[in-house]
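Handing you this structure, nothing more for now.
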Amino acid sequence: MSTENKTKPGEYSLEEYLESLSEKRRHEAGILIEIMKNITSESPVLWGPSIIGFGSYHYKYESGREGDMPILGFSPRKSQITIYFNEGFDRYVGLLSELGKYKTSFSCLYVNKLPDIDIKILEKMLTESYKLYAKKESKPKSVEEYIKAIPTQAKEKFNELRNLILQHYDLEEVLSYGIIGYKVRSGKTAFYISGWKDHLAIYPMPKDSEFNEELKPYISGKATMWIDLDEDLPKDFIIKIAGYLIEKVS
């Protein structure tokens with residue numbers, strides 16, 4: 001029987017957590033947030049009550065324990081700042097010799113305050129760490145792996161989109177072109193969906209004039225429906241578009 005990691009994103013408010021910190025810690029947290037944002041191109045998300053994370057990866061141990069964790073993350077606690085390196089520190093021996101004043105455990109780098117360390121050296125370590133895990137997560141081999149690789153901030157809305165489609169139509173979900181496609185019974189793929197750090201996408205879009213006006217607020221590129229994460233799903237319109245695309249290939 002597998003056990004699941006209890007540390008999950010999105011259950012706590014990052015803004016409220018930052019406000020609860022001392023002015024000094026809040027300033028240091030801001031510096032680390034900017035560094036990790038620049039490395040990952042991800043927005044910060046609070047995992048559990050005190051871990052500020054960027055991106056996500058899925059792990060599964062031989063014991064059966066599995067779950068998701070941020071690729072980069074830190075916790076600006078009162079006594080010290082904890083910066084997470086899930087791979088450990090064997091590969092960073094040379095950089096650690098130049099880092100400054102710190103302590104480590106198996107996967108945690110402990111710093112009393114940021115002026116104690118060389119920020120440029122830390123940035124090099126974080127960049128290497130991110131590349132290591134981003135490479136592992138870059139090529140999903142199944143629908144399940146693709147869903148797990150969806151950026152944290154898009155997961156909830158992406159699942160809402162999937163459920164909407166599957167509740168209204170009898171379709172087969174497949175991994176195609178590195179994203180999720182929906183096949184009809186004829187074996188043809190009617191359309192595709194994808195999830196990104198700032199939007200969801202559905203494609204291809206019909207070029208028929210009857211949809212032009214409704215598509216205008218969402219169209220991106222030549223044939224992609226773009227839905228920002230801060231917008232509600234236009235459910236009725238999505239169902240109508242999906243039905244049309246399914247009919248075209250059935």
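The values are calculated or read from the model by the stated rules, or taken from the named source; none is laboratory data. Just so it is clear, the model here is predicted, and its values are computed rather than measured. For neighbour counting, all protein chains shown are included, and Cβ atoms are generated from backbone atoms with ideal geometry for every residue, glycine included. Side chains included, ligands, DNA and RNA excluded: accessible areas come from the protein's heavy atoms. Shrake-Rupley method; radii C 1.70, N 1.55, O 1.52, S 1.80 Å.
Exactly one of (1) open to solvent by less than 70 Å² (accessible area, probe 1.4 Å); (2) of a type outside the set (Ser, Thr, Tyr); (3) on the phi < 0 side of the Ramachandran plot is unmet by Gly187. Its number?
With respect to (1) open to solvent by less than 70 Å² (accessible area, probe 1.4 Å); (2) of a type outside the set (Ser, Thr, Tyr); (3) on the phi < 0 side of the Ramachandran plot, Gly187 is out only on (3).
Could you identify the single residue in Ile71, Ile117 that is at pLDDT 90 or above, within 30 Å of Gly195 (Cβ to Cβ), crowded, with 17+ Cβ neighbours inside 10 Å and not basic (Lys, Arg)?
Ile71
Also, quick follow-up: Please report, ordered by residue number, the strands (runs of 3 or more DSSP E) entirely within segment 143-250 with at least 2 residues that are under 28 Å from Leu72 (Cα atoms). I'd like the intermediate steps shown before the answer.
Numbers: elements: 172-176, 179-183, 189-195, 199-203, 224-228.
Here the list reads 179-183, 189-195, 199-203, 224-228.
Looking at (1) surrounded by fewer than 15 Cβ atoms within 10 Å (Cβ to Cβ); (2) under 14 Å from the mean Cα position of the chain (by Cα), which is the only condition Glu247 fails?
(2)
So which residues in segment 96-109 are under 23 Å from Asn38 (Cβ atoms), open to solvent by 40 Å² or more (accessible area, probe 1.4 Å) and not small (Gly, Ala, Ser), if there are any at all? Walk me through how you get there before you give the answer.
Filtering segment 96-109 for residues under 23 Å from Asn38 (Cβ atoms) gives 96, 98-100, 102, 107-109.
Filter once more, keeping what is open to solvent by 40 Å² or more (accessible area, probe 1.4 Å): 98, 100, 102.
If the condition is that a residue be under 23 Å from Asn38 (Cβ atoms), open to solvent by 40 Å² or more (accessible area, probe 1.4 Å) and not small (Gly, Ala, Ser), then Glu98, Tyr102 are the ones that fit.
Residue by residue through segment 71-100, note down the ones that are touching a residue at least 40 places away in the same chain (Cβ under 8 Å) and hydrophobic (A, V, I, L, M, F, W, C).
If the condition is that a residue be touching a residue at least 40 places away in the same chain (Cβ under 8 Å) and hydrophobic (A, V, I, L, M, F, W, C), then Ile71, Leu72, Phe74, Ile81, Ile83, Phe85 are the ones that fit.
Now a separate question. Within segment 163-181, is even one residue touching a strand residue (DSSP E or B) at 6+ places or on another chain (Cβ under 9 Å), open to solvent by 40 Å² or more (accessible area, probe 1.4 Å) and of a type in the set (S, T, N, Q)?
no
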